[in-house]
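K.L.:
Take a look at this one; I'll ask things after.
Every number here is computed from the coordinates shown, using simple stated rules; none is lab data. In this text, all values refer to a predicted model and were calculated from it rather than measured experimentally. Note that we place each Cβ from the backbone using ideal geometry, even for glycine, and neighbour counts take in every protein chain shown.
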Amino acid sequence: METKEENIVRPTNPASFLAGETGSKEQIPGCFTIDFTVAVVLPAGGSGERTGLSTPKQFCTFLNRPLISYTIQAFERITWIENIVVVVAKDSIDLMVKIVQQFGHQKVKVVLGGSTRHKSIFNGLLAFEEREGESALKKPKVVIIHDAVRPFVEEDFLLKIAIAAKQQGASGAIRPLVSTVIATTSEGYLDHSLERAKYRASEMPQGFLYDIIYQAYVQCSETDFEFGTECLHLVLQYCGTNARLIEGPHTLWKVTYKQDLFAAESLIKETLAQTACVVTGLCEESTRLAGALQKTLASQDMHVDIVPTSQRSSGTFIAKTWNFVQVTVNGAGLADAEELLKTFEETAHSVLYSVVLILVHLGVSEQTSASERMAALGGIRNLAAEAKRKNILLYGILLDRVKDAERWEEAVENLSQITAALIKERNPALTGQLLWA
C-alpha cells in the first residue's frame with residue numbers, strides 16, 4: 001500500500017540546528033559520497049506491552065505527532081535515502097496510512113507485517129520483489145533496517161552504516177554495556193558473570209547489501225523466523241557474511257517504557273527551543289526592544305534572529321525556527337499576527353512541529369490606559385483558538401515602556417523569562433492568554 005503526497009515545503013529538522021541543515025547534501029566531510037541506492041525497512045508491528053499503555057508505543061503521540069512519524073522523518077529528510085518501507089500489523093494499516101498522509105511523508109510504502117519480528121522484516125524486503133498483483137519498489141543496493149521506536153538516528157551515523165554495508169556486506173550499530181551481564185541458576189542464584197569490557201550491546205540501525213539479507217531470509221528456518229531476533233546472525237549463518245560493527249552515539253536509545261516517551265518529548269522540546277525569530281515593526285522602539293530581547297535570550301542559550309516587518313513577506317526566515325516573537329507598538333497587533341499565521345499555513349510550517357507565536361504589545365504612550373491596551377488585543381483568544389487547530393500556539397504579552405533605566409532592564413528581563421518559558425514548555429493550555437511582563 002503505497003502513499004504519495006504532493007510536494008510540501010518542509011522545514012528543517014530540529015536535530016540539525018546544532019550542526020547546520022541536514023539532508024541538503026550527499027556528502028559529509030571526512031566520509032564518502034553516496035553513489036548507490038539506499039532504502040529503509042522499519043518494522044513497526046510490535047504491541048508495546050512494556051510501556052504499559054493500551055496503544056502500541058510507535059503510535060503514542062507527543063507534541064501532536066505519533067512517535068513513528070518522528071522516526072520516519074529522521075530518514076525522509078536525508079536525500080540519498082530513496083524509499084522507506086514501514087511494516088505494521090493488520091489492525092494498524094489504516095492508522096499508518098493516515099499518519100503518512102497527515103504529516104506529508106513522501107517516501108513511504110506501508111506493508112503488512114507478520115506474526116514475528118523476522119517475518120515482518122522479510123515482508124518489508126519483499127516490497128522490493130515483483131509479486132503477483134503488487135508493484136515492486138526499486139531494488140536498493142543497500143537496505144537499512146531500523147526500529148520504528150528509535151527516532152533520534154543521525155545522518156552522519158547512517159552514512160557510516162550504509163558505506164560499511166556496501167563494502168562488507170553487512171554492518172551494525174553497537175554500544176558499550178551499561179550493566180554487567182550475569183547468568184543465574186534455575187534456583188535464582190548467581191552462576192557466573194561476563195567480563196563487561198569484552199562485550200557490546202547490539203543496536204539499530206543495521207545495514208546490508210540487499211541481495212545478502214534477502215538470501216539469508218530465503219534460506220532461514222522456521223525456528224529462526226519464530227524465535228530469532230538478530231539479523232546480523234542470519235547473514236553470518238546463511239551467507240557467511242561477517243558484519244562490520246560500528247560504535248554508535250548515545251542518541252540511538254530506544255523508546256521501551258512509558259517514561260521514555262516523556263524523555264523523547266523533553267528532548268524534542270529542548271532542541272526546538274534553541275532558536276527563535278523576533279519580527280519587528282518599523283518604529284525605533286520595537287527595533288530597540290528586539291535587540292534587548294535578543295541579548296537576554298542569548299544568555300539562556302537561545303539563538304535569536306531579528307527580521308524587520310519589511311522582510312516578513314518573503315517568508316525565507318520561516319524555515320530556521322519554530323518560535324516567533326512579533327513586536328508591536330501601541331497598535332492592535334492582531335493584523336500582524338494574522339499575516340504570520342497565514343505564512344505558516346501557506347508553507348505548511350506547523351505540520352511536523354507546533355509553532356510558537358508570541359505577540360508582544362509594547363505600550364509607549366502614557367496616555368493609553370491599561371484597559372485600552374488589553375482591549376487592543378482582546379481578540380487574541382479567538383485567534384488563538386483558530387491557530388491551535390493548525391498546530392500553532394499563540395500567546396500575548398503586554399509590556400509598558402518605562403523611562404527609568406533600571407526598571408526597564410528589569411521589565412525586559414521579565415519579558416525574556418516569560419518568552420523562554422512559553423517557547424520551552426509549548427503549553428497549549430496557555431494559548432490565547434494575555435500575560436503581563
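K.L.:
Between GLU406 and GLU346, what is the spin-label point distance in nm, taking each point 7 Å from the Cα along the Cα→C-beta axis?
P.N.:
Roughly 4.8 nm, to one decimal.
K.L.:
Take the alpha carbon gyration tensor of the stretch 56-96, find the square roots of its eigenvalues, order them as a ≥ b ≥ c, and report rounded if a/c is under 1.5; if not, report prolate when a/b exceeds b/c, else oblate.
P.N.:
Numbers: a/c = 3.14, a/b = 1.36, b/c = 2.31.
Note, shape of the stretch 56-96 comes out oblate.
K.L.:
OK, next. Calculate, in nm to one decimal, what GLN433 and GLU226 gain on full extension: separation in residues at 0.36 nm each, minus their alpha carbon distance.
P.N.:
69.0 nm
K.L.:
Right, next: Testing the spin-label approximation: label points 7 Å from Cα along Cα→Cβ at GLU247 and THR37. State their distance in nm.
P.N.:
3.6
K.L.:
Would you mind telling me which residue in PHE324, PHE128, PHE36 has the biggest mean-square fluctuation in a Gaussian network model of the chain, where springs connect alpha carbons within a distance under 10 angstrom?
P.N.:
Judging by the Gaussian network model, the answer is PHE36.
K.L.:
Taking H placed 1.01 Å from N in the peptide plane, check which residues at least 5 places from PHE317 or on another chain put their amide H under 5 Å from its amide H.
P.N.:
Amide H neighbours of PHE317: none.
K.L.:
Oh, and also: Stretch ALA298-ALA201 to full length: gain in nm at 0.36 nm per residue minus the Cα-Cα span?
P.N.:
31.0 nm
K.L.:
Rounded, prolate or oblate, given the Cα gyration tensor of the stretch 36-185, with a/c below 1.5 counting as rounded? Mind showing how you got there, number by number?
P.N.:
Working: a/c = 1.40, a/b = 1.06, b/c = 1.31.
Because its axes are fairly even, with a/c under 1.5, the stretch 36-185 counts as rounded.
K.L.:
What are the ³J(HN,Hα) values, in whole Hz, obtained from phi via the Karplus relation 6.51 cos²θ - 1.76 cosθ + 1.60 with θ = phi - 60°, for each residue of the stretch 143-149 in sequence order, with x given for Gly and Pro?
P.N.:
10, 9, 9, 9, 6, 5, 9
K.L.:
Between ARG381 and ASP91, how many nm apart are label points set 7 Å from Cα along the C-beta direction?
P.N.:
A separation of 4.2 nm, rounded to one decimal place.
K.L.:
Using alpha-carbon pairs under 8 Å, 6+ residues apart, how would you state the relative contact order of the chain in percent?
P.N.:
Numbers: 811 pairs, mean separation 60.5, N = 437.
Computed over the chain, the figure is 14 percent.
K.L.:
For each pair in LYS141/LYS390; LYS198/LYS269; LYS119/LYS141, compute the distance between the two Cα atoms and list the pairs where it is over 29 Å. Mind showing how you got there, number by number?
P.N.:
Numbers: LYS141/LYS390 40 Å; LYS198/LYS269 37 Å; LYS119/LYS141 21 Å.
Exceeds cut-off: LYS141/LYS390; LYS198/LYS269.
K.L.:
Angle check, please: helix 258-272 long axis (alpha carbons) against the longest principal axis of the chain (alpha carbons), in degrees 0 to 90, nearest 10.
P.N.:
Once rounded, the angle reads 50 degrees.
K.L.:
Just the number: Rg to Rh for the stretch 224-334, Cα atoms, Kirkwood Rh, two decimals.
P.N.:
On the way: Rg = 24.3 Å, Rh = 18.6 Å.
Rounded to two decimals, Rg over Rh is 1.31.
K.L.:
Return the FRET efficiency for the residue pair LEU190, ALA335: r is the Cβ-Cβ distance, R0 is 56 Å, and the value is rounded to the nearest 0.05.
P.N.:
Working: r = 72 Å, r/R0 = 1.29.
Efficiency, rounded to the nearest 0.05: 0.20.
K.L.:
Could you give the length gained by full extension between ASP305 and LYS390, i.e. 0.36 nm per residue of separation minus their alpha carbon distance, to one decimal place?
P.N.:
Working: separation 85, 0.36 × 85 = 30.60 nm, distance 2.42 nm.
Here the segment from ASP305 to LYS390 would lengthen by 28.2 nm.
K.L.:
Can you give the helix-only mean residue ellipticity at 222 nm for the chain, where every DSSP H stretch with n ≥ 4 adds -39500 (n - 2.57) and the sum goes over all residues, rounded to the nearest 500 deg cm²/dmol?
P.N.:
Details: 13 runs with 148 residues, N = 437.
After summing the helix terms and dividing by the residues of the chain, the value is -10500 deg cm²/dmol.
K.L.:
Another question, if that's okay. Restrict the search to the stretch 135-239; then list the trypsin sites (Lys or Arg not before Pro) that DSSP places in a loop and that have at most 16 other Cβ atoms within 10 Å of their Cβ. Numbers along the way, then the final one.
P.N.:
Numbers: sites: LYS138, LYS141, LYS160, LYS166, ARG196, LYS198, ARG200; in loops: LYS138, LYS141.
Loop-located and lightly packed - LYS138, LYS141.
K.L.:
So, one more: Taking every pair of alpha-carbon atoms in the stretch 194-250, what share in percent sits in each 10 Å bin, from 0 to the bin with the longest distance?
P.N.:
It works out to 20, 47, 28, 5, in whole percents.
K.L.:
Moving to a separate point now. When the Debye formula is applied to the Cα atoms of the chain, each taken as the same point scatterer, what base-10 log of I(q)/I(0) results at q = 0.06, 0.09, 0.12 Å⁻¹?
P.N.:
Here log10 of I(q) over I(0) equals -0.33, -0.66, -1.00.
K.L.:
Most mobile of SER171, SER186, SER135 per a Gaussian network model of the chain (Cα springs, under 10 Å)?
P.N.:
SER186
K.L.:
Hey, another quick one. Students often get this wrong, so check it: of LYS98/LYS258; LYS320/LYS403; LYS160/LYS254; LYS138/LYS320, which have C-alpha atoms separated by over 29 Å?
P.N.:
Details: LYS98/LYS258 24 Å; LYS320/LYS403 35 Å; LYS160/LYS254 20 Å; LYS138/LYS320 33 Å.
Over 29 Å Cα-Cα: LYS320/LYS403; LYS138/LYS320.
K.L.:
Taking LYS295 as the anchor, which aspartates and glutamates have their alpha carbon closer than 15 Å to its alpha carbon, excluding any fewer than eight residues away along the same chain?
P.N.:
ASP305, GLU409, GLU410, GLU413
K.L.:
Which one of VAL235, VAL181, VAL255 has the biggest mean-square fluctuation once the chain is modelled by GNM with Cα springs under 10 Å?
P.N.:
Residue with maximal mean-square fluctuation among VAL235, VAL181, VAL255: VAL181.
K.L.:
Tell me, what ³J(HN,Hα) does each residue in the stretch 344-361 have, in order and in whole Hz, if you take phi through Karplus 6.51 cos²θ - 1.76 cosθ + 1.60 with θ = phi - 60° and put x for Gly and Pro?
P.N.:
4, 5, 5, 8, 6, 6, 9, 5, 8, 9, 5, 9, 9, 10, 10, 8, 9, 9
K.L.:
Further, regarding this structure: Quick one: angle between helix 155-168 and the longest Cα principal axis of the chain, in degrees between 0 and 90, rounded to 10, please.
P.N.:
20
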